[in-house]
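K.L.:
I have a structure I would like to understand better, so I am pasting it below and will then ask my questions one at a time.
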Amino acid sequence: MTTMNFPVVTDTFEHYMAQINQFELLSAKEEHDLACRFRDHGDIDATHRLICSNLRFVVKVAHEYRGYGLRLLDLVQEGNIGLMKAVKKFDPDRGIRLITYAVWWIRAYMHNFIMRSWSMVKIGTTQAQRKLFFKLGQTRNALRNLTGSEDYEEIANELDVNQDVVMEMSQRMGQRDSSLDMQLTDEGDFTLLDTLADERDSQENSLIDKQNRIKLAEKIGEALATLKTREKYIVEQRLLCETPLTLQELADEFGISRERVRQIEQKSLKKLKTALGDITIEDM
């Protein structure tokens, strides 16, 4: 079986661009023939050429989302996954170029990455907010260039959403999550934490909660013991760590594919679900 060696998204953007610029663009006929070879015969070499010839386009799309404060190379990596997904599903007989179809997958993976990464406070939980999140920056810049100022009512009309939603989202996009230790006075003895109501449970409820957590930990430990060594490690690194590892990081560590890590994770979670009974994985 042929092994596909795609360019590695390194920490040096210039080095990565030098790698992908070596791949020639495909003509419409070449692209169609390669796509048919993959669809009809599972030709891995054809898949490799289809993906590599379009890597530069992924970078172009990633540049459109640089305003969200994320590393360009992280966006490129997510977009590359979308490109590979598109190649797998592409139908060459529909009469369109691959990139016309793939751009939707590339953007989808980048959008999901931005939504996951933008803030610890989940942003864009409704359709209106999602639409706003990805268009607000573009609209604000356009209106600023045209009028020299930002008019929330004008932006709301342009995006067809409520003005209050625009104001709220604009404020959330304008700053990251604030620390509770942020000082609110010049003297430095009054912080954001002091403005929050004390909603802690009583000592009795706290004790009950502690006992329940101990029992839960014991049950989780017993469930984890039913997994094989590699399965247990993947679950721990993906779900139980404060800083979870990515599928790609685990794939590199074990020398297997990202998809194989995902399969092991899903299989392990099914085992845990059976062992835990009525305790959900979210409780972990």
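All of the numbers you see were taken from the coordinates with simple rules; none came from a lab. Everything numeric here is computed off the predicted structure, so don't read it as measured data. Note that we place each Cβ from the backbone using ideal geometry, even for glycine, and neighbour counts take in every protein chain shown.
K.L.:
State, to one decimal in nm, how far the label point of Cys36 lies from the label point of Gln266, with both points 7 Å from Cα in the Cβ direction.
P.N.:
Each label point lies 7 Å from its Cα, and together they span 3.2 nm.
K.L.:
Could I have the simple spin-label model distance between Arg116 and Arg56, label points 7 Å from Cα toward Cβ, reported in nm to one decimal?
P.N.:
2.9 nm
K.L.:
Within 10 Å of each candidate Cβ there may be at most 16 other Cβ atoms; applying that plus a DSSP loop requirement, which GluC sites (Glu not before Pro) in region 211-284 survive? Display every interim value, and only then the final one.
P.N.:
Values: sites: Glu218, Glu222, Glu231, Glu236, Glu242, Glu249, Glu253, Glu259, Glu265, Glu282; in loops: Glu242.
Of the GluC sites (Glu not before Pro), the ones in loops of region 211-284 whose Cβ has at most 16 other Cβ atoms within 10 Å are Glu242.
K.L.:
Only counting other Cβ atoms within 10 Å, I'd like Cys36, Cys241, Cys52 sorted with the fewest neighbours first. Don't skip to the end; give the middle numbers.
P.N.:
Numbers: Cys36 15, Cys241 9, Cys52 20.
The most exposed by this proxy come first: Cys241, Cys36, Cys52.
K.L.:
Of Lys210/Lys270; Lys215/Lys267; Lys29/Lys89; Lys89/Lys228; Lys228/Lys271; Lys60/Lys85, which pairs sit farther than 22 Å apart, going by alpha carbon to alpha carbon? If you can, show how the numbers build up before the last one.
P.N.:
Values: Lys210/Lys270 27 Å; Lys215/Lys267 25 Å; Lys29/Lys89 18 Å; Lys89/Lys228 34 Å; Lys228/Lys271 11 Å; Lys60/Lys85 18 Å.
Those over the limit are Lys210/Lys270; Lys215/Lys267; Lys89/Lys228.
K.L.:
Within a 10 angstrom radius of the beta carbon, how do Ser27, Ser53 rank from fewest other beta carbons to most?
P.N.:
Fewest-to-most ranking of Ser27, Ser53: Ser27, Ser53.
K.L.:
Determine the gain in length on full extension of the stretch Leu239-Ile208; use 0.36 nm per residue of separation and subtract their C-alpha separation, reporting nm with one decimal.
P.N.:
Numbers: separation 31, 0.36 × 31 = 11.16 nm, distance 2.47 nm.
Value of the extension gain: 8.7 nm.
K.L.:
May I ask you to sort Asp209, Asp74 by Cβ crowding, counting other Cβ atoms within 10 Å and putting the fewest first?
P.N.:
Ascending Cβ contact count within 10 Å gives the list Asp209, Asp74.
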